[in-house]
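The values are calculated or read from the model by the stated rules, or taken from the named source; none is laboratory data. Note that the structure is a prediction, hence the values are computed from the model and not measured. Virtual Cβ from ideal backbone geometry, glycine too; neighbours counted across all protein chains shown. The protein model used for the area step is the full one, side chains on, heavy atoms only, and it has no ligands, DNA or RNA in it. Shrake-Rupley method; radii C 1.70, N 1.55, O 1.52, S 1.80 Å.
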Amino acid sequence: MVTRMTLKTYLVKVQRKTFRHQLKDRTFQVPQAQWKQLRRNQNKRSLPKEWVNVFNDLIKKHNPYCVVKFNGHRVKVIGSQKRKSPTFQATGCCAIASCPMSFKLTMLTDSDRQVLMQYGNNEVFHKRQLTASRKITGSLRVEAKKKLKFGQPPLKEYWDRMYNIPKEIYSAGNRSNVGKSHAVLRQIGTEARSQGQMDKDLHTSLLALKEKLQKETPNSKNTPGFIQSIMIDPFNVILFTEDTIRLYHQLAKKDFLFWDATGSFTRQSACTHGKEKPVYMYTAVTRHPTKGKSPIPIAWMLSNDHTTLAPTYFLKKSGFIPTMSHH
């Protein structure tokens with residue numbers, strides 16, 4: 001695990017007073033699938049925002065030191081009769097203040113997708129301690145959200161990304177894919193965990209979701225929906241369906257109800273109101289009637305109350321009979 005101290009020691013070793021590098025004009029090809037997707041979604045003479053990530057990924061293969069900042073671009077309108085005009089053009093520079101590097105991109109035709117990168121100034125000059133980072137947007141932000149949504153703390157992800165920056169690139173001051181600070185990844189993590197939430201307020205969101213699920217199960221007259229009970233302080237959510245309870249009563253005639261708890265699937269801070277209480281997911285399961293098959297989950301409870309009151313309420317709310325074995 002990367003810590004602040006080990007990372008700081010490592011980073012000091014790769015610092016330089018200044019970073020210098022000379023670049024040469026290059027030609028690269030945009031992958032066919034990506035170019036077709038960009039052209040399909042273009043708006044008049046502009047490509048969708050994802051073009052920035054596509055071209056930056058290609059440029060950094062030849063120039064990983066600069067933090068590329070595009071000044072603008074133009075793409076030929078689909079079906080244009082102007083045969084001599086380039087299909088695509090863009091200009092850009094380096095976002096690090098001391099760097100004079102500038103460039104122009106030109107793609108002549110859709111057919112070969114070859115892009116000529118010509119430098120107006122081919123010198124990379126980065127003063128020590130001057131850094132910059134591209135914004136984490138588009139597909140890069142989507143990937144970050146997937147990683148941060150479940151489990152990975154933003155601060156740990158930040159240090160892991162910092163540690164994985166190659167020495168030469170770190171020395172050049174390029175912090176792309178990391179952000180200006182760990183606050184960037186923290187914000188992305190917040191966005192990821194909020195996806196699918198029906199309201200910014202947790203209680204309001206849960207109530208709305210409960211109502212939505214009830215409407216989706218009109219045939220369940222006694223216990224419609226999936227969310228059956230919501231309490232905020234202490235935090236407690238009970239989940240089951242009419243079918244799972246009916247199944248339990250069929251199987252419980254010859255078996256027991258087993259009870260388990262885990263704290264590894266829930267985010268602690270959202271539900272505790274500043275009271276550092278862990279939220280556990282309690283699961284009630286019964287054995288499968290066929291030997292060798294996995295147990296059958298019947299009901300669930302999320303709670304930060306771990307006294308006997310919470311499971312007692314859970315059992316009463318779920319209608320379980322007291323034939324249970326602690327596990």
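Taken about its Cα centre, the chain carries a charge dipole of about 1600 debye when Lys and Arg each add +1 at the Cβ and Asp and Glu each add -1 at the Cβ. The label-point distance for Lys156 and Leu130, in a model that sets each label 7 Å from Cα toward Cβ, rounds to 3.7 nm. Look at the dipole of the chain built from charges on Cβ: of Pro166, Tyr313, Gly179, the Cα furthest out on the positive end belongs to Pro166. Computed from point charges on the beta carbon alone (+1 for Lys and Arg, -1 for Asp and Glu), the dipole magnitude for region 48-205 about its Cα centre is near 200 Debye.
Using a 1.4 Å probe on the protein heavy atoms, what percent of the accessible area of region 206-258 belongs to carbon and sulfur? Here it works out to 57 percent.
Take the cross-link list Lys44/Lys69; Lys145/Lys210; Lys145/Lys212; Lys49/Lys69; Lys61/Lys147 and give me the ones stretching past 19 Å between alpha-carbons. Write down the numbers at each step before the final one.
On the way: Lys44/Lys69 22 Å; Lys145/Lys210 25 Å; Lys145/Lys212 26 Å; Lys49/Lys69 13 Å; Lys61/Lys147 24 Å.
Too far apart for the 19 Å limit: Lys44/Lys69; Lys145/Lys210; Lys145/Lys212; Lys61/Lys147.
Please arrange Leu105, Leu209 by accessible surface area, largest first, computed with a 1.4 Å probe and ligands excluded.
On the way: Leu105 0, Leu209 65 Å².
Highest to lowest solvent-accessible surface, that is Leu209, Leu105.
Rounded to the nearest 0.05, the FRET efficiency derived from the C-beta distance between Ser46 and Gln114 at R0 = 22 Å is 0.55. Measuring spread by the Cα atoms of region 22-75 yields a radius of gyration and Dmax of 12.1, 36 Å.
Sort Arg141, Arg287, Arg39 from largest to smallest accessible area, using a 1.4 Å probe on the heavy atoms of the protein chains. List each step's numbers first, then the result.
Working: Arg141 60, Arg287 120, Arg39 25 Å².
Of Arg141, Arg287, Arg39, the descending order of accessible area is Arg287, Arg141, Arg39.
Taking label points 7 Å from Cα along the Cα-to-Cβ direction, His203 and Lys24 give a separation of 6.7 nm.
Taking a sphere under 13 Å around the Cβ of Arg39 and counting the other residues whose Cβ falls inside, with K and R at +1 and D and E at -1, yields a net charge of +4.
Full extension of the segment from Ser194 to Glu211, taken as 0.36 nm per residue of separation minus the current Cα-Cα distance, would add 4.2 nm.
Taking R0 as 56 Å, what FRET efficiency do you get between Leu251 and Tyr163 from their Cβ-Cβ distance, rounded to the nearest 0.05?
Details: r = 51 Å, r/R0 = 0.91.
With a Förster radius of 56 Å, E is 0.65.
Where both residues lie in the chain, what percent of DSSP beta bridges are antiparallel, nearest 5? Expressed as a percentage, antiparallel bridges in the chain total about 90.
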